[in-house]
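Reviewing the structure listed below.
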Protein chains: 2
Amino acid sequence: MNILEDFGMRLKELRLRSNLSQDMLAARCGLDRTYIGSVERGERNISLKNIQIICNTLDIDISYFFCDERFSLRSASLKSELDRPLTERFRYYESAEENLIMWQVSGALSLEEIKSISVDLKAACLKLRLGKVKLLVDNRKMMASGEPIVFQHEITERWEELQRWFLPHCEQIIVLCNSKLMQNQMNRLAKRSGIIEVQRCLYCDDEDWLTKELRPESYFNIR
Amino acid sequence: MNILEDFGMRLKELRLRSNLSQDMLAARCGLDRTYIGSVERGERNISLKNIQIICNTLDIDISYFFCDERFSLRSASLKSELDRPLTERFRYYESAEENLIMWQVSGALSLEEIKSISVDLKAACLKLRLGKVKLLVDNRKMMASGEPIVFQHEITERWEELQRWFLPHCEQIIVLCNSKLMQNQMNRLAKRSGIIEVQRCLYCDDEDWLTKELRPESYFNIR
DNA sequence: ATGTGACTTATAGTCCGTG
DNA sequence: CCACGGACTATAAGTCACA
């Protein structure tokens, strides 16, 4: 396996994780459909500019592109995910006593669902002492067919808007991730929304990381 | 600063950290001197194959090339380093009781010095219960003019030989590093010498990481 | 030891198509 | 939706003489 085939496989993985066809990715990159195909097959010695264009389109750091985390070449089917009741895929909880809000995403969410969730979360936050809120986000189960979900553009924009809203109210934000890919994605989101100073995105590849009980006291100084 | 200039700067940094001229690097890569120069100035849209060739020559992962750790553009002068007495730059210690050997590299070492050190370390190791030896290597002060030293090819080969010799005798190896660059370098070395299974290369960017006292009991289960 | 401009040739990347 | 092909144009690779 040479570097070009390797890169091609990686691209295919990440494209499928993002639920895009070669056609759609090419269009978003401003590159040719057949070109993306031949890169994926390892037939092209792609240049740095185009690598960057593709990475920006997929919203993934170049360095992540060359790391050792790998995924299947199966496309992430979100359809079946979205059939599960929302209460299985999203849960939140706020505590006035600890001035803390936390939520868990355990599957895919549709754009409409995120919109209504945003309203609820903002209302919940406003019950707390603003400026000093601790926010704990648990994305460890945000998976489809056993692999991490990568956001679509429209979805990312929604989360970004929500994070921007939360930023001035929070003193600390912790986001738990289920992969380096998720961590990369959340860090990029954090940089864009300007919250990188107060936010930490965490991921371990310990065996039990994904299933450990969510305990705010292990991330924040509480009592 | 576009991606090409960025890449060029990065290349220059890492080349200087490796104490190579454009000429020497080009020769080792099998590329033209002026080509390397124009890449460093961000004038070329370099392709993936050539990126890989350069990375292999510098013995650095592609992913590291695109990470956020940066160095100065000053060349690492090893000459003045090598004038300091060897006892300041290298120290080792073995404990039969704990079946442990540890060493500290605190500056540059010449090829001759490494050869004689190797002999001493092997002799020290043979005093222990073989197969169960714990090895602790402290590279946190392996610096020249305040920045991490990157090995020359000949030097790497020596360390690799030493590591290969130690491998069958050790049950665990911990290497402390002073940068992601050092960590990258040591991990590559570990993969090549086949010891990656028992070796862990550690680095934190905590403030006191570089100066913390060396305490084997914090890395191994001892007593 | 590196920067510059001018040059050739190889191949990256596009656009049309087919199965 | 994707693999593959042929014909085309733009651009990267690679070399040189000279500062």
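The values are calculated or read from the model by the stated rules, or taken from the named source; none is laboratory data. Because the structure is a prediction, the values reported are computed rather than measured. Cβ atoms come from the backbone with ideal geometry, glycine included; neighbour counts cover every protein chain shown. In case anyone asks, the SASA skips ligands and DNA or RNA and just uses the protein heavy atoms, side chains included. Shrake-Rupley method; radii C 1.70, N 1.55, O 1.52, S 1.80 Å.
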- request: Would you list which aspartates and glutamates come within 15 Å of residue A:212, measuring only between C-alpha atoms, while excluding same-chain residues fewer than 8 positions from it?
  value: A:138
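What number, rounded to the nearest 500 deg cm²/dmol, is the helix-based mean residue ellipticity at 222 nm of chain B, given -39500 (n - 2.57) per DSSP H run of at least four residues and division by all its residues?
Here the helix-only value at 222 nm equals -12500 deg cm²/dmol.
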- line: Which residues qualify? For residue A:172, with a placed amide H closer than 5 Å and at least 5 residues away or on another chain, they are A:135
- prompt: Can you run phi through the Karplus equation (6.51, -1.76, 1.60; θ = phi - 60°) for the stretch A:36-49 and list ³J(HN,Hα) in whole Hz, with x for Gly and Pro?
  reply: 4, x, 6, 5, 4, 7, x, 8, 10, 8, 5, 9, 4, 4
query: Which residue, A:12, A:132, A:180, tops the fluctuation ranking in a GNM of chain A built on C-alpha contacts under 10 Å?
result: A:132
query: Which residue, B:32, B:208, B:61, has the most motion in a Gaussian network model of chain B that connects Cα atoms within less than 10 Å?
result: B:208
- prompt: So what are the ³J(HN,Hα) numbers for the stretch A:152-160, from phi and the Karplus equation (6.51, -1.76, 1.60; θ = phi - 60°), rounded to whole Hz, Gly and Pro as x?
  reply: 6, 3, 4, 5, 4, 4, 4, 4, 4
field: Note, ³J(HN,Hα) from phi for the stretch A:144-149, Karplus 6.51, -1.76, 1.60, rounded to Hz, x at Gly and Pro
entry: 9, 6, x, 10, x, 7
- prompt: In peptide B:45-53, what is the residue-averaged number of other protein chain Cβ atoms found within 10 Å of each Cβ?
  reply: 6
statement: Listed by chain and number, the aspartates and glutamates with an alpha carbon less than 14 angstrom from that of residue A:132, same-chain partners under 8 positions apart left out, are A:94, A:97, A:98, A:171
field: Accessible surface ranking that places the most exposed of A:138, A:120 first, with a 1.4 angstrom probe
entry: A:120, A:138
- prompt: Counting DSSP beta bridges with both partners in the stretch A:79-218, what percentage is antiparallel, nearest 5?
  reply: 35 percent
Anisotropy class of chain B from Cα gyration tensor, a/c 1.5 cut: prolate
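Could you tell me which of the pairs B:12/B:180; A:79/A:134; B:115/B:191; A:141/B:141; A:49/A:180 are separated by over 29 angstrom between their Cα atoms in the structure shown? Present the calculation step by step, with values, prior to reporting the outcome.
Working: B:12/B:180 17 Å; A:79/A:134 33 Å; B:115/B:191 22 Å; A:141/B:141 41 Å; A:49/A:180 24 Å.
Beyond 29 Å between Cα atoms: A:79/A:134; A:141/B:141.
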- prompt: Considering chain B as a Gaussian network with a 10 Å cut-off on Cα pairs, which listed residue, B:97, B:81, B:147, attains the greatest mean-square fluctuation?
  reply: B:97
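Which FRET efficiency, nearest 0.05, do residue B:116 and residue A:192 yield, Cβ-Cβ r, R0 41 Å?
Values: r = 54 Å, r/R0 = 1.32.
Here the calculated transfer efficiency is 0.15.
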statement: Non-local residues with an amide H under 5 Å from the amide H of residue B:46, with H modelled 1.01 Å from N and Pro and chain starts lacking one, are A:48
- prompt: Looking at the square roots a ≥ b ≥ c of the eigenvalues of the Cα gyration tensor of the stretch A:1-86, which shape do they give, rounded for a/c under 1.5, prolate if a/b is larger than b/c, or oblate?
  reply: prolate
field: Where B meets A: accessible area buried, both sides, 1.4 Å probe, Å²
entry: 1300 Å²
